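Here the structure is laid out as structure tokens; the discussion comes afterwards.
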């Protein structure tokens, strides 16, 4: 996992409107949440409406959100740019949804699965990386965003994020053959 305190790796990626979204656009935000998502993953589908509601709530409090799709569209065309437009519209995303075709951004963040969450403080240092909450398809846990909320609430109150951080669970990122990061289990 990316070490806490690590500066946010830079990126410039196209969003579903064809605009290039850059990390620097979020300077001034109280916190930045980067989320690695995919259109087909049942774990993402399970939390999607709760995630959208949470994003709206915290955007009103000065937190910026960006969703990143990094799956290989050769093997998973449903996760490519055309379908991302449909997904963003149908889910009601109020944040940019960008495409990492080279998968270099996923590698830089050491993203492992979808969904995977990274929270950076106002100075763009990593404060939290892990799960939204304990909800999973098939378990009775509510989609309440408890883990992400705790991190964001602490940052907004000027406190460090909780030290107990649980790794995300979901669908592994679909790496292009031969493009797997050295840390990815084979």
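Here P(r) over Cα pairs in 10 Å bins from 0, in percent was calculated from the structure, and among (1) 8, 23, 32, 27, 10, 1, 0; (2) 7, 24, 22, 14, 10, 11, 8, 3, 0; (3) 10, 41, 39, 10, 0 it sits at label (3). With an a/c value of 1.5 or above and a/b larger than b/c for the gyration tensor axes a ≥ b ≥ c computed over the alpha-carbon atoms, segment 90-186 is described as prolate. Gap in Å between the Cα centre of segment 137-161 and the Cα centre of segment 163-183? Segment 163-183 and segment 137-161 have Cα centres spaced 21 Å from each other. Determine the distance separating the Cα centre of segment 35-95 from the Cα centre of segment 103-127; give it in Å without decimals. One Cα centre to the other: 15 Å. Here the contact order of the chain, divided by its residue count and restricted to Cα pairs under 8 Å and six or more residues apart, works out to 28 percent. In terms of other Cβ atoms within 10 Å, 94, 6, 114 run from fewest to most in the order 94, 6, 114. Based on DSSP H segments of at least four residues, each scored -39500 (n - 2.57), the chain has a per-residue ellipticity at 222 nm of -7500 deg cm²/dmol. The order of 113, 41, going from fewest to most other C-beta atoms within 10 Å of their C-beta, is 113, 41.
Between 141, 59, 78, the Gaussian network model of the chain with springs among Cα atoms under 10 angstrom shows the greatest mean-square fluctuation at 141.
Return the percentage of antiparallel bridges among DSSP beta bridges fully within segment 12-172, rounded to the nearest 5 %. Expressed as a percentage, antiparallel bridges in segment 12-172 total about 60.
Give me the percent relative contact order of segment 1-110, please, defined on Cα pairs under 8 angstrom at least 6 residues apart.
That works out to 34 percent.
Placing a pseudo-label 7 Å from each Cα along the Cα-to-Cβ vector at residue 176 and residue 59 gives an inter-label distance of 3.1 nm. Ranking of 102, 134, 70 by neighbouring Cβ atoms within 10 Å, starting from the fewest: 102, 134, 70.
The numbers here are math on the coordinates, done by the rules we state, and not lab data. Every value quoted in this text rests on a predicted model; they were computed, and no experiment measured them. Positions of Cβ are backbone-derived with ideal geometry, glycine not excepted, and every protein chain shown enters the neighbour counts.
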